Amino acid sequence: DQQVKQNSPSLSVQEGRISILNCDYTNSMFDYFLWYKKYPAEGPTFLISISSIKDKNEDGRFTVFLNKSAKHLSLHIVPSQPGDSAVYFCAACNSGTYKYIFGTGTRLKVLA
Amino acid sequence: EADIYQTPRYLVIGTGKKITLECSQTMGHDKMYWYQQDPGMELHLIHYSYGVNSTEKGDLSSESTVSRIRTEHFPLTLESARPSHTSQYLCASSGASGIAGELFFGEGSRLTVL
């Protein structure tokens, strides 16, 4: 049973526009959520995170929104840049077990 | 910049060979993890450790084994490699206590078993 799901395998966005990546989870015990960016043959790079006590966290062009009742989080990138093209993974963690569970990823392509 | 290192970055070996993927971190983190990722797929947790002499199996069954004799070192071993072990292996660490925090990743080890 997949606890963290990213239902859109790919997304194309025009440069300068907003990119919205979505993630759903099933385990209500998750209390910390993260977004990573990954290029092929490299390790994931941390982008932004959010604790379950918040519903929004912002860092520069990146904003993460958390809707606990819907068990849904999203990553907004604005404005999108060609260098943002990569695979984006969401991850969820329970602070009791410290097990980080990842979604299947969404490949973002930002068109110049 | 994260100080977590994996060697080798790339390895091509024949079936039946024993291999060890090395992972070291200099941040003093107590928690360390191994993930396996096939192309286009999610990262599967295969092993994790809460500290020295602690090892746990992850959600994806794996024929590999791990050890945690020193805080900074978390090697992964395959006693007899098979083509089905071909994958990218990612090591990570976290120093969070209380609420969870950022997971730091190494560059990964790409294993190909012929």
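Go through (1) more than 15 Å from B:TYR35 (Cα to Cα); (2) surrounded by fewer than 20 Cβ atoms within 10 Å (Cβ to Cβ) and name the single condition B:GLU63 misses. It fails just one condition, (1). Residue pairs whose Cβ atoms lie under 7 Å apart, sitting 6 or more positions apart in sequence or on different chains, and linking a residue in the stretch B:1-28 that is of a type in the set (Phe, Trp, Tyr) to a partner that is surrounded by 12 or more Cβ atoms within 10 Å (Cβ to Cβ), are B:TYR5/B:SER24; B:TYR5/B:GLY106; B:TYR10/B:ARG110. Within the stretch B:76-108, the residues that satisfy the criterion of being surrounded by 16 or more Cβ atoms within 10 Å (Cβ to Cβ), more than 10 Å from every other protein chain (Cβ to nearest Cβ) and closer than 21 Å to A:LYS37 by Cα are B:SER87, B:TYR89, B:SER93. When A:VAL78 is tested against (1) within 19 Å of A:CYS93 (Cα to Cα); (2) in contact (Cβ under 8 Å) with a residue 24 or more places away in the chain; (3) not small (Gly, Ala, Ser), just one condition goes unmet, and that condition is (1).
One line per residue, one yes/no per condition, for (1) more than 28 Å from B:ARG9 (Cα to Cα); (2) of a type in the set (Lys, Arg); (3) surrounded by fewer than 20 Cβ atoms within 10 Å (Cβ to Cβ):
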| site | (1), (2), (3) |
| --- | --- |
| A:GLN14 | yes, no, yes |
| A:SER19 | yes, no, no |
| A:MET29 | yes, no, yes |
| A:LEU34 | no, no, no |
| A:PRO40 | no, no, yes |
| A:SER51 | yes, no, yes |
| A:LYS54 | yes, yes, yes |
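Just one of the listed residues (B:HIS47, B:HIS73) is away from chain A (no Cβ under 14 Å) and of a type outside the set (Lys, Arg), and it is B:HIS73.
Inside the stretch B:39-114, counting only strands (runs of 3 or more DSSP E) that do not spill past its ends, which hold 2 or more residues that are touching a residue at least 12 places away in the same chain (Cβ under 8 Å) and under 25 Å from A:SER52 (Cβ atoms)?
B:44-49, B:87-94
For A:ALA112, the criteria (1) hydrophobic (A, V, I, L, M, F, W, C); (2) modelled with pLDDT of 95 or more; (3) over 25 Å from B:GLU107 (Cβ atoms) hold in every case but one, which is (2).
For A:VAL78, the conditions (1) under 14 Å from A:LEU21 (Cβ atoms); (2) hydrophobic (A, V, I, L, M, F, W, C); (3) within 14 Å of another protein chain (Cβ to nearest Cβ); (4) over 12 Å from the mean Cα position of the chain (by Cα) are fulfilled apart from (3). Just one of the listed residues (B:SER94, B:SER49, B:SER61) is within 27 Å of A:LYS5 (Cα to Cα), over 10 Å from the mean Cα position of the chain (by Cα) and at pLDDT 95 or above, namely B:SER49.
The residues of the stretch A:60-112 that are closer than 20 Å to A:GLN2 by Cα and of a type in the set (D, E, K, R), listed by number, are A:LYS68, A:LYS71, A:LYS99, A:ARG107.
With the condition kept exactly as written, say whether any residue in the stretch A:34-52 is over 29 Å from B:ILE4 (Cα atoms) and in contact (Cβ under 8 Å) with a residue 60 or more places away in the chain. No - not one qualifying residue is present in the stretch A:34-52.
Here A:SER10, A:SER85 are screened, and the one residue that is more than 30 Å from B:GLY51 (Cα to Cα), away from chain B (no Cβ under 14 Å) and at pLDDT 95 or above is A:SER85.
The values are calculated or read from the model by the stated rules, or taken from the named source; none is laboratory data. The structure displayed is predicted, hence computed values, not measured ones. A quick note on method: Cβ atoms are made from the backbone with ideal geometry, for glycine too, and the neighbour counts reach across all protein chains shown.
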